[in-house]
Amino acid sequence: MKKNEKKDTFKFFDPDNSNDSAKIVLVTGGAGFIGSNFITYLINKYPDYKIINFDKLTYAGNLNNLIFIEENPNYVFVKGNVADKKDVKNVFEQFNPDFVVHFAAESHVDRSIINPDIFLQTNILGTQILLNYSREHKVKKFILISTDEVYGSIEKNKSVTEEAHLAPNNPYAASKAAADLLIRVAHQTYGQRVNIIRSCNNFGPYQFPEKFIPVMIYNALNNKELPVYGDGKNIRDWIHVEDHCRAIDLVLHKGKSGEIYNVGANNEWENLSLVEYILDKMNCSRSLISFVLDRKGHDFRYSMDSSKIKNEFGWKPAIEFEDGLAQTIMWYKSHTDWVENIHSGEYMNYYDEVYKDRNLETQ
């Protein structure tokens with residue numbers, strides 16, 4: 001592709017075009033589970049917004065998640081690494097985004113215990129590099145998608161507010177807590193417009209099948225053992241990814257700079273009870289449950305008080321857990337090819353087949 005042809009391809013992103021009032025949103029990690037759902041949400045709700053999906057395409061990044069919008073003229077995928085200054089510099093210079101929504105992160109706790117180094121590089125260094133270029137390019141708002149795990153394990157009958165101290169107990173949570181503090185510094189020291197969203201456990205379509213609910217659904221579908229850590233009594237709060245996306249949207253457009261927002265569903269389940277519930281819904285035998293050695297540093301319970309976002313914006317979960325879980329089970333039943341492509345590794349060839357010749361990588 002010639003240089004002038006590439007420029008014409010992106011003419012709608014011209015920041016100097018006074019007639020173009022649409023917002024340009026840079027979404028990092030947009031090929032992941034929550035990121036891809038959020039991009040789809042934005043495309044549907046704000047058809048004039050320009051969405052840049054910036055993703056390294058690690059094992060958890062899957063462009064098949066966005067196959068239905070990849071031809072949308074307001075959507076562009078750029079392959080790049082948030083921890084690489086050159087990649088980040090190029091995407092900012094090329095698109096000059098108004099907003100940054102930062103999902104990109106190594107996120108699996110077990111992987112962080114085995115190899116914490118990559119979590120430090122992506123989750124901490126990557127966040128700082130993005131903040132640096134956001135400041136340089138005068139980004140109007142930077143949103144960090146964080147996690148309830150930064151608070152550590154919470155005692156029964158208690159929930160934590162955004163003012164609670166951070167007490168991470170595994171390398172993943174520690175790297176996310178460090179990123180949260182970098183966001184605070186960006187606001188306090190440099191005056192950057194930022195927000196942090198700390199969400200509870202998400203579930204829904206396109207979740208990578210190493211995560212809890214997809215593992216249980218997939219194994220039940222294939223009559224395989226369902227592994228449950230320890231005695232299965234650990235407690236998590238579960239929210240449908242679409243409700244999380246709605247919360248991000250509200251904070252992006254209405255959140256006061258510097259503020260943190262907890263996003264929980266007040267929908268706590270013991271792991272074992274949830275597995276049994278899934279098996280019952282799928283008419284599978286509970287004898288498939290297999291107890292395995294507990295995870296190191298396994299937090300017993302997460303629980304957040306989400307009164308702040310509810311009171312300020314009127315947000316609350318709109319999808320009942322039973323309905324959302326039934327929809328999720330049905331999605332995985334009807335998308336067995338999507339799961340099989342991941343298990344076979346075939347999904348990792350998608351970028352080369354569809355995007356490589358389009359010259360959309362950062363140069």
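The values are calculated or read from the model by the stated rules, or taken from the named source; none is laboratory data. The model shown is predicted, which means the values in this text are computed figures rather than measured ones. All Cβ positions, even for glycine, are placed from backbone atoms using ideal geometry, and neighbour counts span all protein chains on display.
Does V241 satisfy the condition of being touching a Leu at 6+ places or on another chain (Cβ under 9 Å), in contact (Cβ under 8 Å) with a residue 12 or more places away in the chain and surrounded by 16 or more Cβ atoms within 10 Å (Cβ to Cβ)? Spelling it out, it is not the case that V241 is touching a Leu at 6+ places or on another chain (Cβ under 9 Å), in contact (Cβ under 8 Å) with a residue 12 or more places away in the chain and surrounded by 16 or more Cβ atoms within 10 Å (Cβ to Cβ). Of the numbered criteria (1) surrounded by 20 or more Cβ atoms within 10 Å (Cβ to Cβ); (2) within 20 Å of E268 (Cβ to Cβ), the one K158 fails is (1). Is there a residue being at pLDDT 85 or above, among the hydroxyl-bearing types (S, T, Y) and farther than 30 Å from K86 by Cα anywhere in segment 337-355? No, that holds for no residue.
From the list V275, V263, V251, which residue is surrounded by 16 or more Cβ atoms within 10 Å (Cβ to Cβ), among the hydrophobic types (A, V, I, L, M, F, W, C) and farther than 30 Å from I43 by Cβ? Of V275, V263, V251, the one residue that is surrounded by 16 or more Cβ atoms within 10 Å (Cβ to Cβ), among the hydrophobic types (A, V, I, L, M, F, W, C) and farther than 30 Å from I43 by Cβ is V275. Scanning segment 287-305 for residues that are within 18 Å of V160 (Cβ to Cβ) and of a type in the set (K, R) yields a single hit, R301. Residues of segment 62-83 that are out of contact with any Ser or Thr (no Cβ under 9 Å at 6 or more places or on another chain) and in a loop (DSSP other than H, G, I, E, B): I67, E70, E71, N72, P73, N74. Counting only residues that are in contact with a strand residue (DSSP E or B) (Cβ under 8 Å, 6 or more places away or on another chain) and assigned to a helix (DSSP H, G or I), segment 229-242 holds 1 of them. If only residues of segment 40-68 that are without any contact (Cβ under 8 Å) to a residue 40 or more places away in the chain and within 19 Å of W338 (Cα to Cα) are counted, the one that is surrounded by the fewest Cβ atoms within 10 Å (Cβ to Cβ) is F68. Does segment 111-120 contain at least one residue that is within 22 Å of C200 (Cβ to Cβ), modelled with pLDDT under 95 and either surrounded by fewer than 16 Cβ atoms within 10 Å (Cβ to Cβ) or touching a Lys or Arg at 6+ places or on another chain (Cβ under 6 Å) (or both)? Yes; the residues of segment 111-120 include at least one that is within 22 Å of C200 (Cβ to Cβ), modelled with pLDDT under 95 and either surrounded by fewer than 16 Cβ atoms within 10 Å (Cβ to Cβ) or touching a Lys or Arg at 6+ places or on another chain (Cβ under 6 Å) (or both).
Within this structure, D299 fails the test of being touching a helix residue (DSSP H, G or I) at 6+ places or on another chain (Cβ under 8 Å) and in a helix (DSSP H, G or I). Run down D243, D231 and say which single residue is within 21 Å of the chain's Cα centre (by Cα) and at negative phi. From the options D243, D231, the qualifying one is D243. Take the conditions within 19 Å of the chain's Cα centre (by Cα), under 22 Å from A178 (Cα atoms), among the aliphatic types (A, V, I, L, M) and surrounded by fewer than 19 Cβ atoms within 10 Å (Cβ to Cβ) and apply them to L131. Does it pass? Criteria not met by L131. Residues in segment 202-209: is at least one closer than 24 Å to F103 by Cβ, modelled with pLDDT under 95 and either of a type in the set (A, V, I, L, M, F, W, C) or out of contact with any helix residue (DSSP H, G or I) (no Cβ under 7 Å at 6 or more places or on another chain) (or both)? Scanning segment 202-209 turns up at least one residue that is closer than 24 Å to F103 by Cβ, modelled with pLDDT under 95 and either of a type in the set (A, V, I, L, M, F, W, C) or out of contact with any helix residue (DSSP H, G or I) (no Cβ under 7 Å at 6 or more places or on another chain) (or both). D280 meets each of the listed conditions (1) over 23 Å from G35 (Cβ atoms); (2) outside any helix (DSSP H, G or I) apart from (2).
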